[in-house]
Amino acid sequence: MALSVRRFTGGARAAEVRLAYLLVAPAAVCIALVAFYPLLSDLWLSLHSKNLRFPARGEPFVGLQNYLTLMQDGRFWNALRNTSVIAGASVGAELVLGMVAALIIHRAFRGRGMVRAALLVPWAMTTVVTARMWDWIFNANYGIFNALLLNLRLIHAYRAWTASADSAIWAVIGADVWKTMPFMALLLLAGLQMIPFELYEAARIDGAGGWLLFWRITLPLLRPSILVALLFRTLDAVRIFDLPFVLTGGGPGYATETLSIYAYRTLFTNLDFGYGATLSFGMFLVVMVVALFYVKVLGSGAARAV
Amino acid sequence: MTEPLNRRVSRRAVLKTGVQLGLTLPALSLIESYAGGQTAAFAQSAGTVEISWYVGKDVTDANKTLVQTFNSRQSRIHVNWQEQPPSTSDQHDKYVSVLAAKDPSIDVFALDIPFVPEFASAQWLTPLDDLFDRAELNKNFFSGPLKGAVYGGKLWAVPWYNNAALLFYRKDLFDAAGVKPPATYDALVQAASKLKTPDMEAGFTWQGSQYEGCAVDFFEYLWGHGGDFFNDKGEVIVDRAPGLKALQFMVDMIHTYKITPIAVTTWKEIEARNVFVQGKAVCERGWIGDYAIANSAGSKIIGKVGITPLPAAAGRKGQSVLGTWNLAISKFSKHQKEAAEFIRFMTSAEAMKVGYQRAGRIPPRHAVFEDADIRKQYPYIDELKPVFEQARPRPVRPDYGQISAEAIQPNLAAALTRQKSVPAALKDMASTAARIAKASR
Amino acid sequence: MAVTRLPSTVSALQRRAPHHGLRSRLWSSLVHPLVIALLLAFCLGPFVWLLETSLKTADDLYRIPPKLLSVPADFRNYLTIWQGRPFLQNVINSAVIASAATTISLLIGSLCAYALARLRFRGKNMILAMVLAVAMFPGIAIVSPLYLFFARLQLINSKLALIFPYVTFTLPLCVWLLTAFFRELPADLEEAALVDGATPLQAFRKVIVPLAAPGVFTAAILIFIFAWNEFLFARTFMNSAESYTVPPAISMFEGTGTFEIPWGQITAASAVVTLPLVALVLVFQRRIISGLTAGAIKG
């Protein structure tokens, strides 16, 4: 008692602040070196014109010219649109499915450990193999997906799902949902396990049923976890690269080209490092807007976490 | 109370060991990489120069044999052979990272033919005119591969092995019907339609997925109709009559003549070959290596495969795209002379012969084609010679990669899936290519 | 007060699923198992197909139309994936790098999260924002400048070249997740420990971390899997086949021809590297549950 009061005054308070900065320092150093330094170098590069194929042109400073080009770049807006569709649909589906999975597993039953481990299988598989596997599943000639739909009489003939402009993006979304739903489920499950059981008991004694329990107790108390899960999952979804790159290569045409793929192609196929850096930094700004949206509009939970 | 305490202790112990491991492992790896660097330096100071050779994964033992031979014959140079992922574009992207950082860790690398002008223009390669005798190369090598290795008048790489495309056909079906192997596009369509049996998937298989391989096929049809992508002045002429006919033919094969299924838009080399090798197609357009695969275990058509040069429009000779692999020296290598010596060995007639015998690598040297042992082992080599004499490289320009990815491939895909009409697709192809070419000047 | 939120009571009650009335019984015996079955089918379906592909003979693999199952099953793929390539070394590399990245990330992340959740100081929002910003960086934006940076330090081809980026990229999730969890714990827990004579750091280690175990182990699993499966950096920063981790190693699998994808081997290799991960999770989650039952502070 007397100890706790003394803890937060004078020299002990300064010690607390020192301790805090000490604890935060390693993380800050890592981030500064490995993340911020490259990003700043990208920002610097984006203010220049640099194409590695033509070194004779040098690296002239062009100010915001690249960004003006970006604003008028149809391919960028297309990539932005594709990315939004993929991210929105995937995250939405994953949230719902992940929540269902988390609720199911949270309730104790025999074999729960096995089911939780099985849940992780899609997330644990290497993305490159996952993409190739779904490529095989969607195969136009002998894929299981075609066989299944044909047997269920939902289609009349086999289709080339990944090569057709309207269906390719849904093939990517489907594969992504399969792969990442466990991530959401796991985060939500961890959150569920922190909710005290007595709250449910008390409510049940008062006569509340399943649905009410979910709305009034589970959902509100799960809010911080949902926020963290949604936030990180969306940030990941906007930067999606491996899966569409291997599954469709951004095609057909540019139907599934995401921002990352566009940036990658600009850097490595076109060797245009100036504009590539612009696209990369532009992507960062887009993602930052999304994050701000979450934190400001949805995130009183986030404010609480601070 | 004691039970939980034990558990907590053991978990702490786990965490503690984990932390210790987590700290020692990176320390160990740092020591290991430092020590590794020191050993290399030591080897160098002892008089042997270590050079690294970066090349795509080899499923045969050809590369291994060649490197061992080179290393054992002399002790001044030791070649460190580093295998890279087999995908050509993976290799390209990796080299871009390394070279953009001016990293000297690569000395010699194997480059697919479109990379040479690109890397040369980026000043990442050492010009080889001083290290190699151009006159000797001109005399002894096929001209097509050399053309692809020259940019801006200078030689940037030495052709290492060649690849070209052939028309594969079911000899048994053609002989039974008394039909000759097709030399024109019309003959191809007729034969494919007539000889296709009901259980087959296709009359003719080729590469129609949206990737470089489809662009390659397109060039072959373009040249087969007498057209070209750029003219001598560097203007884009792909949307003229020959180009229209070429793309229309590709679209018609799927939608009008129906000798190829729409699934072709998901096919790359493997799929096109597999359909043929499983006995489900009459003809295939494929690289030379497919012949060996069609005649080995797992194939349903062993001994039934015939080869012939690619067909063309009436009165013209079919021209295959050249798929040559070259050896080049990185500008940032610290051992230029040693690298050149290794390349000289790898592109000698002797090494090329080994490559052909062990890996079926077609040599770019005339002499090896005439070699008696080779002719005995590969009796069909006579049929290959005219193919190589006719084979052409794709446009030798540093921006070819971008033109293919942005102008050619998407518009081919759009035309084949009938998202765009053929004239519209070609118009877009030409205008995009012109824009890119203009920015490159 | 603090006692009512204690984990021991939570799990004790959780283990007993309440049975109130018919609707609840219907749920338990019919709907619940059905949904679990669907969930399992969804998650494991493609994986079962993958396993089945790895057991096919080469002949059946490329047959058109494809044969569903090879009888008898062909286990040869599981032998050939280790031959003629340093696959075992690659798996070990992955294990070492992923473990190191997980441990370091958890260490740095939990310290940072503790400061953010339990201590008072200025600049919290800025630090949270900075940490979150890292989660926004596209990998390709960073790959080239980082390559340059590591090349100068001569770290290319060493494990550190991957451990550093992996730690950095997993810090955001780690910090945010653990901050959220640490926040939920009652404020007087450290004080109780301090009264008992512990230093602030001991209080952290012995009291806070165990109670936030679900968060810690969840973060650990996710970090490990991220490091295990990361492809772009692994391919770029490693030069020799012996230094590769599993994802680039699998991309190196070659068939009999230049253009062939050896499906049998790739699926076998995939199964081989995924199953231990799943087993690892099975082991760890026992710890999560035991973390909740391990005696807590009682009143």
Worksheet item: What residue, of A:ALA118, A:ALA165, A:ALA171, is facing another protein chain (nearest Cβ under 10 Å) and under 23 Å from B:THR417 (Cα atoms)?
Response: A:ALA165
Response to the item:
C:GLN154: passes all of (1) at the interface with chain A (Cβ under 7 Å from one of its Cβ atoms); (2) at positive phi but (1)
Item to complete: Considering only segment A:33-112, give the helices (runs of 4 or more DSSP H) lying wholly within it that have at least 2 residues that are out of contact with any Phe, Trp or Tyr (no Cβ under 9 Å at 6 or more places or on another chain) and surrounded by 19 or more Cβ atoms within 10 Å (Cβ to Cβ).
Response: A:74-106
Worksheet item: on the phi < 0 side of the Ramachandran plot, within 14 Å of chain B (Cβ to nearest Cβ) and in a helix (DSSP H, G or I), is that true of A:PRO244?
Response: yes
Worksheet item: Does B:PHE345 qualify as being closer than 25 Å to B:PHE70 by Cβ, modelled with pLDDT under 85 and either out of contact with any strand residue (DSSP E or B) (no Cβ under 7 Å at 6 or more places or on another chain) or in a loop (DSSP other than H, G, I, E, B) (or both)?
Response: no
Worksheet item: Do we find that C:SER144 is hydroxyl-bearing (Ser, Thr, Tyr), more than 8 Å from every other protein chain (Cβ to nearest Cβ), surrounded by 24 or more Cβ atoms within 10 Å (Cβ to Cβ) and not in a loop (DSSP other than H, G, I, E, B) in this structure?
Response: no
Worksheet item: Is one or more of the residues making up segment B:302-315 within 14 Å of chain C (Cβ to nearest Cβ) and of a type in the set (A, V, I, L, M)?
Response: yes
Item to complete: Determine, yes or no, whether B:PRO114 is within 7 Å of another protein chain (Cβ to nearest Cβ) and not small (Gly, Ala, Ser).
Response: no
Worksheet entry | Flag for B:VAL238 being β-branched (Val, Ile, Thr) and part of a helix (DSSP H, G or I) | no
Item to complete: Please determine, by comparing only the residues of segment B:168-205 that are surrounded by fewer than 24 Cβ atoms within 10 Å (Cβ to Cβ) and either within 19 Å of the chain's Cα centre (by Cα) or among the β-branched types (Val, Ile, Thr) (or both), which one is nearest to B:ALA414 (Cα to Cα).
Response: B:VAL189
Discussion item. Please list, ordered by residue number, the strands (runs of 3 or more DSSP E) wholly in segment B:82-197 having 1 or more residues that are more than 23 Å from B:GLU389 (Cβ to Cβ).
Written reply: B:108-112, B:165-170
Worksheet, complete the sentence: Only one of B:ALA439, B:ALA433 is small (Gly, Ala, Ser), under 30 Å from A:ASP166 (Cβ atoms) and within 14 Å of another protein chain (Cβ to nearest Cβ), namely B:ALA433
Worksheet item: Within segment B:272-291, which residues are without any contact (Cβ under 8 Å) to a residue 24 or more places away in the chain and farther than 16 Å from B:LYS196 by Cβ?
Response: B:ASN274
Fill in: Test set (1) more than 13 Å from chain B (Cβ to nearest Cβ); (2) assigned to a helix (DSSP H, G or I) - C:GLY197 fails condition number
(2)
Discussion item. Please verify whether A:ALA56 is without any contact (Cβ under 8 Å) to a residue 40 or more places away in the chain, over 20 Å from the mean Cα position of the chain (by Cα) and at the interface with chain C (Cβ under 9 Å from one of its Cβ atoms), treating the condition exactly as stated.
Written reply: no
Fill in: Sole residue being modelled with pLDDT of 85 or more and closer than 30 Å to A:ILE226 by Cα, chosen from A:VAL289, A:VAL295
A:VAL289
Worksheet item: Any residue in segment C:95-106 that is in a helix (DSSP H, G or I), touching a helix residue (DSSP H, G or I) at 6+ places or on another chain (Cβ under 6 Å), more than 10 Å from chain B (Cβ to nearest Cβ) and buried (at least 18 other Cβ atoms within 10 Å of the Cβ)?
Response: yes
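The values are calculated or read from the model by the stated rules, or taken from the named source; none is laboratory data. On a predicted model such as this, the values are computed, not experimentally measured, just so you know. Cβ atoms come from the backbone with ideal geometry, glycine included; neighbour counts cover every protein chain shown.
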